[in-house]
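Each remark here refers to the structure printed beneath this line.
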Amino acid sequence: MARLPYADLNHPEASPLVEQIIAERGSVLHLYQMLLQSPAVARGWLNHLTGIRHKSTLAGDLRELVIMRVAVLNRAPYEAHQHAPIALKEGITQEQIDQLDQWESSPLFNDKERAVLAYTDSMTRNVQVPDDIFAAVKKHFEPKQLVELTATIATYNMVSRFLEALEIHADDARA
């Protein structure tokens, strides 16, 4: 159970944003139910994640690979639970998802995916990225996509840290 109560989705300050979230996402996930405790933060978060997930030119399979790896590294089961179906739809295989905790020794990832995963690991574990890891990922992307990749990794580290600090779980009762 979450450490804080989920927001009242019928509160007048939250209602317009609830409608937008439902229109864009289909439902108000636990993440947004919590964020709606502060509608201003929820609005900024929604706009930011819409840019990352729906307006980026980064390939969907790479985006979801990053999100799933961040979830593994940060021990964020809610994030993994929410994104596993999306990852599968984007072309990541169940076997790849299952191997994410040991990707370095797995034959299931190509050179580009390995560079992305190494970059994800470095940004998530160490914050600073060594030159050799950056050089390996840079050869696969134009500057625009490299910015989008970096922003995706940073964003989903933010998401998992928020979820885990407040103990938001998929089996919590809906608001």
Express in Å², to the nearest 10, the accessible area of I22 obtained by rolling a 1.4 Å probe over the protein heavy atoms while all chains stay in place.
80
Amide H neighbours of L36 under 5 Å, counting only residues 5+ apart in sequence or on other chains, H built in-plane at 1.01 Å?
A7
Extending each Cα 7 Å along its Cβ direction at D98 and M158, get the distance between those two points in nm, one decimal.
3.5
Please quote Rg/Rh for the chain to two decimal places, taking the Kirkwood radius as Rh and restricting both calculations to Cα atoms.
0.99
Cα centroid separation - region 1-49 against region 92-148, whole Å:
31
R43 accessible area, assembled protein chains, probe 1.4 Å, Å²
110
Tell me which lysines have Cα within less than 21 Å of K112's Cα, excluding those fewer than 8 residues away on the same chain?
K89, K138, K139, K144
Provide the solvent-accessible area of E19, counting protein heavy atoms only and rolling a 1.4 Å probe, rounded to the nearest 10 Å².
130
State the percentage of accessible surface on the chain attributable to carbon and sulfur atoms; use a 1.4 Å probe and exclude ligands, DNA and RNA.
54
With only helices counted (DSSP H, runs n ≥ 4, each -39500 (n - 2.57)), the per-residue ellipticity at 222 nm for the chain, to the nearest 500, works out to -20000 deg cm²/dmol
Taking 8 Å as the Cα distance limit and 6 or more residues as the minimum spacing, I'd like the relative contact order of region 25-175 as a percentage.
32
Packing-wise, with mean Cβ within 10 Å as the measure, how do 99-106, 31-38, 110-117 rank, highest first?
31-38, 110-117, 99-106
Explain nothing, just the number: dipole magnitude of region 53-175 about its Cα centre with +1 on each Lys and Arg Cβ and -1 on each Asp and Glu Cβ, in debye rounded to the nearest 20.
440
Rank-order 48-61, 142-155, 122-135 by packing density, defined as the average count of other C-beta atoms within 10 Å over each peptide's residues, highest first.
142-155, 48-61, 122-135
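The values are calculated or read from the model by the stated rules, or taken from the named source; none is laboratory data. Since the model is a prediction, treat every value here as computed from it, not as a measurement. Quick reminder, even Gly has a Cβ in these numbers, built from the backbone with ideal geometry, and neighbours come from all protein chains shown. For accessibility, only protein heavy atoms count, side chains too; no ligands or nucleic acids. Shrake-Rupley method; radii C 1.70, N 1.55, O 1.52, S 1.80 Å.
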